[in-house]
Amino acid sequence: MGSGPGHSHVFFVHTDSGVHRLAPECKLVATLLFVFAVVATPREAFWAFALDAAILVAIALVARVPLGKLARRMVIEVPFLAFAVFLPLVGHGPFVDVGFLTLSEPGLWGAWNIVVKGTLGVAATSLLTATTTVPELLLALQRLRVPRALVGIASFMLRYGQVLTDDLRRMRIARLSRGDDPRWLWQVAGIARTAGALFVRSYERGERVYVAMLARGYGFAADETADEIASGRAPRRSWLSALTAPVAAGVVCGVALAGAR
């Protein structure tokens with residue numbers, strides 16, 4: 001499945017490595033299993049999370065993904081982890097004194113649990129997108145027998161995401177050229193009007209695209225193409241290589257669970 005005109009793989013690191021050459025469905029399954037193993041690890045097992053982080057660093061080095069670039073991509077999780085900051089403040093007792101603050105001990109454990117597991121999960125998915133292009137990810141979903149409707153929706157979301165971003169940029173430039181530059185909360189009406197116009201424009205474009213697809217017999221041709229694409233199978237060596245990381249994380253999780261009992 002092509003990426004479509006104007007679509008750029010902004011997260012993909014263009015280099016040649018063994019990780020890049022693995023079958024995309026193997027990498028996708030391995031990433032999901034690795035995240036499940038991290039989530040199942042007891043929050044008190046600090047050493048286990050350190051080993052999981054070491055596994056990800058080793059994969060990044062083998063894949064020739066710069067660690068600095070990987071760290072910058074993980075900034076995307078900051079807004080989602082902001083909630084964890086408030087858990088020690090609003091949690092119940094027992095309490096501990098940290099400097100001039102009195103914090104909830106269960107809240108501190110909950111915050112640590114969210115931060116460490118969220119960070120490792122984002123790092124794992126960042127490595128996946130750094131070594132796998134968007135068309136390869138869609139191909140992986142098809143080969144894993146994900147319902148075609150879901151794959152089609154994901155494909156169009158990715159394909160037209162760049163189009164909507166360009167529309168938003170042009171609308172902002174047009175607004176600025178007319179002297180409308182909302183910077184404060186009481187100027188939010190300009191942003192609201194932009195969002196409404198973008199929604200209407202996107203909805204109308206979606207209708208036109210859907211009608212054009214039906215006129216070209218999309219329902220029949222797409223099924224045949226999906227069958228041909230999904231017929232390929234990943235070699236056994238690719239599966240063995242990709243599953244090394246989640247198996248190692250699973251062993252770490254098992255040892256941590258055994259030690260917690």
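The values are calculated or read from the model by the stated rules, or taken from the named source; none is laboratory data. Every value quoted in this text rests on a predicted model; they were computed, and no experiment measured them. We place every Cβ from the backbone using ideal geometry, glycine too, and count neighbours over all the protein chains shown. When the accessible area is computed, the model is the full protein with side chains, heavy atoms only, and any ligands, DNA or RNA have been set aside. Shrake-Rupley method; radii C 1.70, N 1.55, O 1.52, S 1.80 Å.
With the condition being among the aromatic types (Phe, Trp, Tyr), I'd like the helices (runs of 4 or more DSSP H) fully within the stretch 109-220 carrying at least 2 qualifying residues. Steps first, answer last, please.
Values: elements: 134-143, 148-177, 188-215.
In the stretch 109-220, 148-177, 188-215 are the helices (runs of 4 or more DSSP H) which contain 2 or more residues that are among the aromatic types (Phe, Trp, Tyr).
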Would you please name the residue that is farthest from residue 26 (Cα to Cα), looking only at residues in the stretch 189-209 that are open to solvent by 80 Å² or more (accessible area, probe 1.4 Å) and at pLDDT below 80? 193
Filtering the stretch 210-261 down to residues that are within 30 Å of residue 33 (Cβ to Cβ), at pLDDT 80 or above and of a type in the set (Val, Ile, Thr), which residue is farthest from the chain's Cα centre (by Cα)? 255
Scanning the stretch 36-54 residue by residue, the ones that are within 17 Å of the chain's Cα centre (by Cα) and over 14 Å from residue 247 (Cβ atoms) total 1
Among all residue pairs at least 6 apart or on different chains, which show Cβ distances below 7 Å where the first residue, located in the stretch 81-106, is touching a residue at least 40 places away in the same chain (Cβ under 8 Å) and the second is loosely packed, with under 10 Cβ neighbours inside 10 Å and hydroxyl-bearing (Ser, Thr, Tyr)? none
Please verify whether residue 64 is over 20 Å from residue 113 (Cα atoms), open to solvent by 70 Å² or more (accessible area, probe 1.4 Å) and not polar (S, T, N, Q), treating the condition exactly as stated. yes
